[in-house]
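Worksheet: the structure to be examined is printed underneath.
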Amino acid sequence: MRIWSLHPCLLDRRALVACWRETLLAQKVLRGLTRGYTNHPQLIRFRAHPQPLEAVATYLSGLAACAHPLFEVVPGAIEPWEKTKDF
């Protein structure tokens, strides 16, 4: 697992994506939804927290705030060239 202690804005694209993906895996492990990685050393700091799931969620929100520096949300309708997913 690559869950970095560095500020996410210092990570390149590949490291940021890997950190996001593997932190989601850590969240799944802490919820007990997987059998793998249960004793991984990267989980020690989250398990030591009084509320481990909230700690992981806070970490993920910090990662999400560091999207590409050129990315900027602008008000308005979705343009035809933008990809969307129906939820």
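Brief remarks follow.
- Candidates 50, 41, 75: whichever shows maximal mean-square fluctuation once the chain is modelled as a Gaussian network with Cα springs under 10 Å: 75
- From phi via Karplus (6.51, -1.76, 1.60), per-residue ³J(HN,Hα) for segment 18-27 in Hz, x at Gly/Pro: 4, 5, 4, 4, 7, 6, 4, 5, 4, 4
- In order along segment 50-64, the Karplus-derived 3J(HN,Hα) couplings, from 6.51 cos²θ - 1.76 cosθ + 1.60 at θ = phi - 60°, round to x, 10, x, 5, 5, 5, 5, 4, 5, 4, 5, 5, x, 5, 4 Hz, and Gly and Pro are given as x.
- Using C-alpha pairs under 8 Å with a sequence gap of at least 6, the mean separation divided by the residue count of segment 8-64 gives a relative contact order of 39 percent.
- Loop-located GluC sites (Glu not before Pro) across segment 8-87 with a Cβ neighbour count of 16 or fewer within 10 Å are 72, 82, with loop assigned by DSSP.
- Alpha carbon convex hull of the chain, projected area averaged over orientations, nm²: 7.6
- Dividing the summed -39500 (n - 2.57) terms of all DSSP H runs of n ≥ 4 by the residue count of the chain sets its mean residue ellipticity at 222 nm at -12500 deg cm²/dmol.
Readers should treat all values here as calculations from the given coordinates under stated rules, not as data from a laboratory. Computed from a prediction, not measured in an experiment: that's the story for all the values here. Please note: Cβ atoms are built from the backbone with ideal geometry, for glycine as well, and neighbour counts cover all protein chains shown.
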